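Read through the structure below, which is laid out as structure tokens, and then see the notes.
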Amino acid sequence: QRGLPLAQSLTSAPAPARIRTDMTLSAGEPSALAAVSEEHVAAGFGCLKIKASAAHDTVAGLRAVRAAVGPAITLRVDANQAWGVETAIRVIRAAEDEGLGLELVEQPVAAHDLDALAAVTAAVDTPIMADESVRTARDVRVIADRGAADLVNIKLAKTGGLAEAFVAAEVARTAGLGVVIGCMMESHVGVTAAAHLAAAVAPDVVHDLDAALWLRSSPVVGGVALSGDMLELGSGTGLGITALASDTRPDALVDLSEVRA
Ligand SMILES: [Mg+2]
């Protein structure tokens with residue numbers, strides 16, 4: 001519809017003016033994770049996503065983070081396919097037994113192995129989110145039919161654009177799967193589109209759109225504005241992007257070698 005922000009043209013319900021995002025922490029030693037967590041909470045983030053890796057003791061890291069930030073902060077884990085079924089179940093159950101309060105665990109096992117993903121989902125109480133296992137709406141349907149996950153992380157770079165992502169979210173919702181909108185390491189333009197989709201399809205969820213925060217400057221004028229853990233959509237037409245920024249030097253990009261989406 002003409003003149004509307006994209007989010008509002010995607011839904012008949014009133015689209016929110018802002019959505020929340022988590023903040024991602026790279027895998028690390030417990031003391032370092034705790035220190036970074038405190039910084040992000042002080043900056044206004046209420047949901048931290050901690051990367052797991054085979055090289056680090058995930059439970060020890062989570063224990064340190066939880067002790068540092070207290071009970072009110074939401075903690076997620078993204079294993080990025082790092083574990084096998086037995087490791088995943090052991091780590092997640094250990095976190096449960098310690099009462100570390102994980103909201104969800106993302107992609108614990110290899111993307112192609114839906115049997116393994118389903119086995120983990122069945123064995124633990126913590127909700128499991130598929131990320132690399134899901135690209136298209138059809139993948140969401142397969143995940144739902146096989147009970148392979150409780151939630152799906154939908155990204156525009158995986159679906160190939162907004163139309164397929166919207167359908168994927170609809171399929172998930174109809175099947176009773178939770179939806180989180182995520183992004184790759186992408187620019188303000190991509191994150192803005194993802195934020196509008198997120199506002200339309202899952203306005204009350206904390207999304208996974210912190211990539212916008214990793215850029216030193218935006219290549220465009222307009223789009224989402226960042227405030228603490230909020231992405232403000234703005235009231236402009238479409239994405240609210242009005243011009244190219246005048247300064248788009250290559251060094252506007254930060255060093256992303258340590259970061260994976
Ligand atoms: Mg992920």
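The values are calculated or read from the model by the stated rules, or taken from the named source; none is laboratory data. What you are looking at is a predicted structure, and each value in this text was computed from that prediction instead of being measured. Neighbour counts run over all protein chains shown; Cβ positions are idealised from the backbone, glycine included.
I'm checking my understanding of the structure. Among residues of segment 128-140 that are more than 14 Å from the ligand (Cβ to nearest atom) and buried (at least 17 other Cβ atoms within 10 Å of the Cβ), which one is farthest from Gly176 (Cα to Cα)?
Within segment 128-140, the match that is farthest from Gly176 (Cα to Cα) is Thr136.
Kindly check whether there is at least one residue in segment 213-234 that is of a type in the set (A, V, I, L, M), within 15 Å of the ligand (Cβ to nearest atom) and outside any strand (DSSP E or B). Within segment 213-234, not a single residue is of a type in the set (A, V, I, L, M), within 15 Å of the ligand (Cβ to nearest atom) and outside any strand (DSSP E or B).
Exactly one residue out of Ala168, Ala144, Ala119, Ala82 is among the aliphatic types (A, V, I, L, M) and either within 14 Å of the ligand (Cβ to nearest atom) or at pLDDT below 95 (or both), and it is Ala82.
Checking each residue of segment 10-29 against the condition of being part of a helix (DSSP H, G or I) and either among the acidic types (Asp, Glu) or more than 18 Å from Leu231 (Cα to Cα) (or both) gives no match. If you filter segment 93-112 down to residues that are more than 16 Å from the ligand (Cβ to nearest atom) and over 18 Å from the mean Cα position of the chain (by Cα), you find that the one that is surrounded by the most Cβ atoms within 10 Å (Cβ to Cβ) is Ala95.
Restricted to segment 141-171, and to residues that are farther than 23 Å from Val224 by Cβ and of a type in the set (Gly, Ala, Ser), which residue is surrounded by the most Cβ atoms within 10 Å (Cβ to Cβ)? Across segment 141-171, the extreme among qualifying residues is Ala149. Can you tell me which of (1) free of Cβ contacts under 8 Å to residues at least 24 places away in the same chain; (2) within 16 Å of the ligand (Cβ to nearest atom); (3) part of a helix (DSSP H, G or I) is the one Ala163 doesn't meet? So Ala163 meets the others, but not (2).
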